[in-house]
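Input: a single structure, listed below in structure tokens.
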Amino acid sequence: MTDLPASSAGSANSAGEQADGASARPMQERLVWLADHFKREWQIYVMLAPMIIWFLLFLYKPMYGLQIAFKDYSIFRGIVESPWVGLEHFETLFNNSQFLRAVKNTVIISALSLIFGFPVPIFLALMFNEILHALYRRTCQTIVYLPHFISTVIIAGIVITAFSPSAGIVNTIIGWIGIEPVYFLIKPEWFRPIFIGSGIWQEAGFSSIIFLAAIAGVNPSLYESAVVDGASRWQMMWKITIPSIMPTIIIMLIIRIGNLMEVGFELIILLYQPATYQTADVINTFIYRQGLQSGQYDLAAAAGLFNAVVAFVLVMAANSVSKRVSRTSLW
Amino acid sequence: MSAVVLKDMYKRFGAVQVVHGINLEVAAHEFVVLVGPSGCGKSTTLRMIAGLEEISEGILTIDGQTMNRIAPKDRDCAMVFQNYALYPHLNVAENIAFGLRIRRVKKDVIARSITEVAAILGLTEYLERRPADLSGGQRQRVAMGRAIVRHPKVFLFDEPLSNLDAKLRAQMRAEIRRLHNRLGVTSIYVTHDQIEAMTLADRIVVMNDGRIEQIGTPMDLFMNPVSTFVAGFIGSPPMNQFRGTLANDAEGASVTIGGGRISLPDTVPRDPGRDVIIGIRPEYVSLAAGEDTSPVSIKLDLVEPLGSEALLHAAIGEDPFIIKAETLGGVCHLSGLTEVHVPAEMVKVFDAETGRVLNQGPKR
Amino acid sequence: MQNMNLYSRGDRLFVRVNMVLIGLFTLSTLYPFIYIAAVSFSSGFAARAGLVVLSPVEVTLAAYGRVLSEPQFWNSYGNTFIYTIGGTLTSLVIIIPGAYALSRPQLLGRRFWNLMVAFTMWFHAGMIPFWLNIRDLGLLDSYFGIIIAFACNAFNIILLRNFFESIPSSFEEAARMDGANEFQVLWKVFVPLSKPAIATITLFCVVSRWNGFFWAMVLLNDEGKIPLQVYLRQTIATLSDDEEFSSTLIDAPYSVETVTAAIIVCSIIPVLCFYPFAQKYFNKGILLGGVKE
């Protein structure tokens, strides 16, 4: 590095300026400028390269592979050589009752998780905020954050053990009040409550962090002036805290709606059984069964593409709505 | 020989030009201060000298060598940043040694340099501390230590005192000047504070809107501002300015302000009817009539005692007029004031249109 | 927070009720762990009969004996450590310089590269093309495959890039005037200044590696390479499906339930050890996650 280096981090414009300036100049000068640039800035490109190569190899190359959704894919011919079949797989899918059921279940499970799961962390955050005893508060927070760090398999193991018909604690307890043991995990009507409940158990505590952070950002003098005005804690919670964190609440809600197509399918794979498919099977579990278990890669890829496109549209919509709401983009 | 020469230097960010052709020669061992309001391009100029900004056009030489395309590390400049840029994860000694370590200077040389610099700056006791455990003034000293330790050809200071409180600022100001007297390293110092500029500089460069307004010694700028901008920027409080029209009569050139006739010095060109702005320093208004003074009636509004002096907030007609007067241990004698006297020699006259001075005084 | 002495009577009641409610929620979060621990230390008979509620019944270490005597348990435990440590280090080695490069204003095509990273948060090819790609790259059934295939994710990169961008430019400029090159600026200035952000993404990486199961299950057939989570899943599945096993267990000192519980406990212990260190970064990390383009 003997030439001029970084034209400073302070001027965010400079890169753009150089680019602009360069494009106006003749080709030769532009090339000289580029050679010069790479000569003095090669190090950042060396730093960037592994990451970009990784993205190309592991995330963008599969996007190229998505073409099998429109092909009659055979393992022997490979992705490129397999013949095109147009929208055949999508027609198959939309005439397939299992796939339609999976779409319906995805939306229902997501929506129910949202309705029941979304408010819990907000309440938790509001309640934690009212606890004055620091040690008590910290202890409780430590415990409620913990399930977030537990693997899906363990969650499933706990659920299976706890809801086991003979040995599980749930049946033991309902036995005390005289109810016959229920084999919860093969009852379609119990699948969603169990799935959503375990989701809340796992994530509600940890999700409250973001709302606690928002509450911590409220100007304390608002509370002080309210105290002087004679407001009760309850009134302050409703008149100060909740309105203050409303932007955060709305943004989180929009993000959740944007992620509607993302259902925690790993837990579903671990918990569902053929007996509960009718309420439990979602798009990703359908893809997993059709693609990785039955080898219908092209059909499953088409289902995945459908899922990804819908998800993309939802996320983009959510992002633009939240931009309008908060004037800060989510990403 | 000039240590640092800036020739027709321009800086553009995209379509926006922020420095419009700067010409400046800084002599070896000189202490030059760039001063001006925020956004005037003074920091950008300094950063171009440092090599942190590319020079869009023009030539920069240091010790006769063209520096335009030389990396900052090879320009042999050291810079003190506004926020000091002390590495919080390193202690004082490590912070001072950072540049030497990067340059793979031998360990024993580094150790010796640290000791030496610490002694100069009075940091010997704090070498093991982290920046977070230091006071503002100590941090400032560490930042200077990091610059001194490399024995650079040029020191660059980018508003180094603006994060300190007023008292500490005055103290550090004196220390910086003492350090310069001792080390004699060519220094270029950027500030928006004209008091800092006045107290530190051998020469001051007043910048406005990407251009150099005036270059001169502190007293030169104070006594002979070339424009209304400099007149309004240098001095505290700044020069009072009044619009008026030149007139010629038997007693010489004059301007009538608020109904009162103010005589102008002989050096003002005879050009009756010309619209001008006259400038009167608050310090050069007398309470008593003297030789060649013009009486002016004022409406006194407020007296601000400062100790040995007081600031009188008054008005001539509608125009505000600030006067600095001696208190003589009390301000009672000032409270009923209705008339002051303006010595003709001390009145500056500027063209109303261009703002340039019409009666250039002798260099000081 | 203020002192409770200054509270009105109504407020004190409110605060106390609130404390009780939080306590109840906390206990209900904690209870499944207590229950599983209690089951793991109980006899197979007690567990099968549903006698375990809060504390172990007929205390025995039989289930642990069975779990710990299984060579495959130790093997997959070791594999999990390999995947966690190897995977996390790989992630950091790729993400830290990459995020630094993305934060540099002089990087040509900076917007493009950033968009390229961010786009993967919004759109992904899906399970099947990803799997086929891994297969085509010859990374099925390989330690390296698992480690490299999940090395980056856009969220962590953007989190770190945002943190780098928030560092005042004078730190970099000072280092540059002192003669540091890009690698030195990154390693000697940015990395030490970004400890909270790096700790946060390390935490995210470690947790997702330790808990990762789906892709390990799908990409690894070789029993010798599976991580703990996959082993746990297989054990639960085989134990509960295996009628014969269950019926021969009537007299055994352990049961499906106690063995499952014992594996769960063994797998949670490292998380519990890591947890206190990680905890102090939660708040910072999540706040850093308030990402922007």
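All of the numbers you see were taken from the coordinates with simple rules; none came from a lab. Note that this is a predicted model, so its numbers are computed, not measured. In this analysis, Cβ positions are derived from the backbone assuming ideal geometry, glycine residues included, and neighbour counts consider all displayed protein chains.
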Using the alpha-carbon atoms, what tilt in degrees (0 to 90, nearest 10) does helix C:110-122 show relative to the longest principal axis of chain C? 20 degrees
Per-residue average of other protein chain Cβ atoms inside 10 Å, peptide A:294-306 -> 3
Alpha-carbon centroids, region B:276-325 and region A:284-318: separation in whole Å: 83 Å
Distribution of pairwise C-alpha distances over region B:238-351, 10 Å bins, in %: 15, 48, 28, 9, 1
Let's test the formula: R0 of 45 Å, r as the Cβ-Cβ distance of A:R101 and C:W187. What FRET efficiency results, to the nearest 0.05? 0.25
Just check chain A against the gyration tensor rule for me: Cα atoms, a ≥ b ≥ c as the square roots of the eigenvalues, rounded for a/c under 1.5, and otherwise prolate or oblate depending on whether a/b exceeds b/c. oblate
State whether chain C is rounded, prolate or oblate according to the following rule on the C-alpha gyration tensor (a ≥ b ≥ c being the square roots of its eigenvalues): a/c under 1.5 gives rounded; otherwise a/b larger than b/c gives prolate, and the remaining case gives oblate. oblate
Simple SL model, points at 7 angstrom along Cα→Cβ for A:I108 and A:E81; separation in nm is 4.5 nm
Between the alpha carbon centres of region A:53-100 and region A:135-189 the gap in Å comes to 40 Å
Dipole magnitude of region B:238-351, debye to nearest 20 (Cβ charges: Lys/Arg +1, Asp/Glu -1, about Cα centre): 160 debye
Under 5 Å between amide hydrogens, which residues at least 5 positions from B:S187 or on another chain qualify, with H placed 1.01 Å from N in the peptide plane? B:E30, B:F31, B:V32, B:F155
Ranked by GNM mean-square fluctuation in chain C (Cα springs under 10 Å), the top entry among C:M121, C:M177, C:M19 is C:M19
Spelling out what I want: for every residue of region B:348-355, take phi, set θ = phi - 60°, compute 6.51 cos²θ - 1.76 cosθ + 1.60 (Karplus), and round to whole Hz; glycine and proline get x. 9, 10, 10, 5, 5, 7, 8, x
Helix C:228-241 versus the longest principal axis of chain C: what angle, 0 to 90°, nearest 10, using Cα atoms? 30 degrees
Between the residues C:L30, C:G44, C:L61, the Cα farthest towards the positive end of the dipole of region C:9-74, that dipole coming from +1 and -1 charges on the beta-carbon of Lys, Arg, Asp and Glu, is from C:L30
Which is farthest toward the positive dipole end of region C:106-228 among C:M116, C:C152, C:I134, measuring Cα position about the Cα centre, with Cβ charges +1 (Lys, Arg) and -1 (Asp, Glu)? C:M116
Please list, in order along region A:279-284, the HN-Hα scalar couplings obtained from phi with the Karplus expression 6.51 cos²θ - 1.76 cosθ + 1.60 (θ = phi - 60°), rounded to whole Hz, x for Gly and Pro. 10, 9, 6, 10, 4, 5
Looking only at B:F233, B:F157, B:F81, which one moves most when chain B is put into a Gaussian network model with springs between Cα atoms under 10 Å? B:F81
Charge dipole of region B:2-232 built from unit charges on the beta carbon (Lys, Arg +1; Asp, Glu -1), centred at mean Cα; most positive-end Cα among B:L156, B:V206, B:A27 is B:L156
Taking only the alpha-carbon positions of chain B and ignoring solvent, what does the Debye formula give for the base-10 log of I(q)/I(0) at q = 0.09, 0.15 Å⁻¹? -0.62, -1.21
So which DSSP H runs in chain A come out at 24 Å plus along the axis (Cα) with average Kyte-Doolittle of at least -1.0? A:27-55, A:97-117, A:188-216, A:297-326
With Cα springs under 10 Å, the Gaussian network model of chain B assigns the largest mean-square fluctuation among B:D76, B:D108, B:D301 to B:D108
Taking the alpha-carbon centroid of each part, what is the distance from region B:1-43 to region B:134-175 in angstrom? 21 Å
Between 0 and 90°, nearest 10: helix C:9-40 axis offset from chain C longest Cα axis: 70 degrees
Honestly the protein assembly as shown on the Cα gyration tensor test (a ≥ b ≥ c root eigenvalues; a/c under 1.5 rounded, otherwise a/b vs b/c for prolate or oblate) is just prolate
So if I place +1 on the C-beta of Lys and Arg and -1 on the C-beta of Asp and Glu, and nothing else carries charge, what would the dipole magnitude of the protein assembly as shown be about its Cα centre? I want it in debye, nearest 20. 1060 debye
Mind putting a number on the dipole of region A:88-326 about its Cα centre? Charges go on the C-beta only, +1 for Lys and Arg and -1 for Asp and Glu, and I need it in Debye to the nearest 20. 380 debye
Select from chain B the helices, each a whole stretch of DSSP H, whose alpha-carbon atoms run 15 Å or more along the helix axis and whose Kyte-Doolittle mean is at least -1.0; answer none if there are none. B:92-102, B:107-121, B:136-148, B:166-183
